[in-house]
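The structure appears right after this line, and notes come after that.
The values are calculated or read from the model by the stated rules, or taken from the named source; none is laboratory data. Bear in mind the structure is a predicted one, so any value in this text is a computation, not a measurement. Every residue, glycine as well, gets a Cβ built from its backbone with ideal geometry; the counts of neighbours run over all protein chains shown. Protein only, heavy atoms only, side chains kept; ligands, DNA and RNA dropped before computing areas. Shrake-Rupley method; radii C 1.70, N 1.55, O 1.52, S 1.80 Å.
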Amino acid sequence: MSVTRTGALPDTSAPDDAYDVTVVGAGVVGCAIARELARHSLRVALMEANGDIGEGSSKANTAILHTGFDAVPGSLEARLVREGGQLLAAYAEETGIPVEPVGALLVAWDEQQLATLPRLADKAVRNGHHGTRPLSAAELYAREPHLGPGALGALEVPGESIVCPWTTPLAYATQAVRSGVDLHLNCPVEKVRPGEGDAPHRLVTRRGVLRTRFLVNACGLYADAFDALLGREDFTVAPRRGQLLVFDKFARPLVRHILLPVPGPLGKGVLVAPTVYGNVLLGPTAEDLTDKTATSSTAEGLAGLRAQGGRILPALLDEEVTAAYAGLRAATGAEDYRIAAHPELRYVTVGGIRSTGLTASLALGRHTVGLLADAGLELGPERPLAPVRMPNLGEAFPRPYRDAGLIARDPAYGTLVCHCERVTLGEIRDALASTVPPASLDGLRRRTRARAGRCQGFSCGATVRALFEEGVR
């Protein structure tokens, strides 16, 4: 097992040295697939163009653990979201990923939306979710007293949860690496030379050539471009930008559930939701673009969010915004995932994974490994994965600065570095020494929350940078 960011890739020129499987793309889905493959005695590589895992769509989503109540019944996405949600909830409890089952309220703001709610309840039943319940306006306002005026009713969706989107892919990658997977970062694939017969494929990167018998495309926004390297043109990925606002922790008492609008053609629409870090999230927008690097927020987009947020939860606009960000989702024009096995190429494409990818990730891992087996990969017997226990970033669970016993044993856990988020020297030290350490200050933020608070690093930034630079030497 290894994690590399620089230097030449391992020599795979000898037939016995080729990887059995290489997964390209270390977002939450690619990491989940690599983890699933690590259950078997295979030589597995996980490759990523960026310098860290989870750098693409995975780092900028709404952090919802979906039930799949509103998926297209009978679709692959509906099945994998349902299965994946159950798997991730159990995995989170096992590994320490923070999850809070706050439930969702689908709010109707006009008569047309109110008339839609029974159809959504029926859809939920067809997706195996039998717990939805209609709420009158009075019941809704009793549940959410700060909701704006004019709501006519709601559909209660128990089981919808909030989850840490940063710890989840990191847990998968950590467990995969500890179980024998090689993680190669800063390694964009420039060409693929498919192997003839049983000969391994050759992946040409700027760090050298890597040979592999089987290949998985988990490239997210660039899944279509990677497909083209193998002569496939099955679908096109159109980036859909979602801009979001993060409100300060003083806003947290304003909302108890995930507040969803009635879905429209562009998705679930703008929601208001608490986060596991104790903030409140407003967004996302849904903007179809052509530029796959357009992750900047816009004045127009943020103004639109504030207008919609003001209707949903008027008091929210009185609170401070601590961060604004934007992410891109991989829209393909289809209302389902675009997953296809190509046995003749020993190749599987896992594309079109939209906002439900975080929820479905573990089921996507299982499904993909099954497709590889159907394409001829000999898995062999399963073996246990290396255990993993992740640092807790959630406010609803014990954190080191509150643990007197831990602080007594190691005073570094009582030394606050980031006062806004209560991040200690011990947590930063642990992140820098972890199995998959951060490559940047943003990577350190996603592992500890340092610099993610209301001052955005104004107070602690210099200290955090010094610790980071000291830790990576």
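Here are some notes:
- For segment 1-57, a/c is not less than 1.5, where a ≥ b ≥ c are the root eigenvalues of the C-alpha gyration tensor, and a/b does not top b/c. That puts it in the oblate class.
- Whole-number percent relative contact order across segment 209-315, with pairs defined as alpha carbons under 8 Å at least 6 apart: 26 percent
- Here segment 80-159 yields Rg over Rh of 1.06, to two decimals, using C-alpha coordinates and the Kirkwood radius.
- Charged side chains reduced to their Cβ positions (Lys and Arg at +1, Asp and Glu at -1) give the chain a dipole of some 740 debye around its Cα centre.
- For segment 96-108, the Karplus equation 6.51 cos²θ - 1.76 cosθ + 1.60, evaluated at θ = phi - 60°, returns couplings of x, 6, x, 9, 10, x, 7, x, 10, 10, 8, 8, 9 Hz by residue, with Gly and Pro reported as x.
- Amide H to amide H distances under 5 Å link Gly27 with Gly54, where only residues 5 or more positions off or on other chains count and H is placed in the peptide plane.
- Once C-alpha pairs closer than 8 Å and six or more residues apart are averaged by separation and normalised to the residue number of segment 25-150, the relative contact order reads 22 percent.
- Backbone HN-Hα couplings from phi across segment 222-231 [Karplus 6.51/-1.76/1.60, Hz, Gly and Pro as x]: 9, 4, 5, 5, 5, 3, 4, 5, 10, x
- A straight line joining the Cα centroids of segment 253-315 and segment 129-171 runs 15 Å.
- Which of Leu37, Leu362, Val423, positive extreme of dipole for the chain (C-beta unit charges): Val423
- Kirkwood analysis of the Cα pair distances in segment 15-118 returns a hydrodynamic radius of 16.9 Å.
- The residues of segment 1-104 expose on average 34 square angstrom of accessible surface per residue, using a 1.4 Å probe on protein heavy atoms.
- Estimated Rh, segment 211-250: Kirkwood, alpha-carbon pairs, angstrom: 13.0 Å
- Applying the Karplus relation 6.51 cos²θ - 1.76 cosθ + 1.60 with θ = phi - 60° to segment 114-124 yields 3J(HN,Hα) values of 4, 5, 7, 4, x, 5, 5, 5, 5, 4, 4 Hz, where x marks Gly and Pro.
- In segment 177-318, a dipole from Cβ-located charges (positive for Lys and Arg, negative for Asp and Glu) runs towards its positive end, and of Ile258, Gly208, Leu183 it is Leu183 whose Cα lies farthest in that direction.
- Database remark: amide H of Val272 closer than 5 angstrom to the amide H of Leu259 (H placed geometrically; neighbours at sequence offset of 5 or more, or on other chains; Pro and chain starts carry no H).
- As an equivalent ellipsoid, segment 141-250 spans semi-axes of 43, 19, 14 angstrom, where each value is the square root of five times an eigenvalue of the C-alpha gyration tensor, largest first.
- For segment 328-406, trypsin sites (Lys or Arg not before Pro) are listed when DSSP marks them as loop and at most 13 other Cβ atoms sit within 10 Å of their Cβ; the list is Arg389.
- Segment 153-208 - Rg over Rh from alpha carbon coordinates, Kirkwood radius: 1.27
- Using alpha-carbon coordinates, inclination of helix 167-178 to the longest axis of the chain, degrees: 20 degrees
- The relative contact order of the chain comes to 21 percent, based on Cα pairs under 8 Å that sit 6 or more residues apart.
- Normalised Debye scattering of segment 44-186 at q = 0.10, 0.15, 0.18 Å⁻¹ gives log10 I(q)/I(0) of -0.46, -0.87, -1.08, counting only Cα atoms as equal scatterers and leaving out solvent.
- Residue-level accessible surface for Lys292, protein heavy atoms, 1.4 Å, Å²: 40 Å²
- Segment 284-423 shape via C-alpha gyration tensor axes, a/c threshold 1.5: oblate
- Under-5 Å amide H pairs with Arg329, H placed in peptide plane, nonlocal only: Arg240, Arg241, Gly242
- With every protein chain in place, the chain: carbon and sulfur % of accessible area (1.4 Å): 53 percent
- Under 25 Å, Cα to Cα: Lys pairs in the chain, sequence gap 8 or more or different chains: 7
- For the Cα trace of the chain, dividing Rg by the Kirkwood Rh returns an Rg/Rh value of 0.97.
- Across all C-alpha atoms in segment 390-473, the radius of gyration and Dmax reach 11.9, 34 Å.
- For segment 251-357, pairs of C-alpha atoms spaced more than 18 angstrom apart make up 58 percent of the total.
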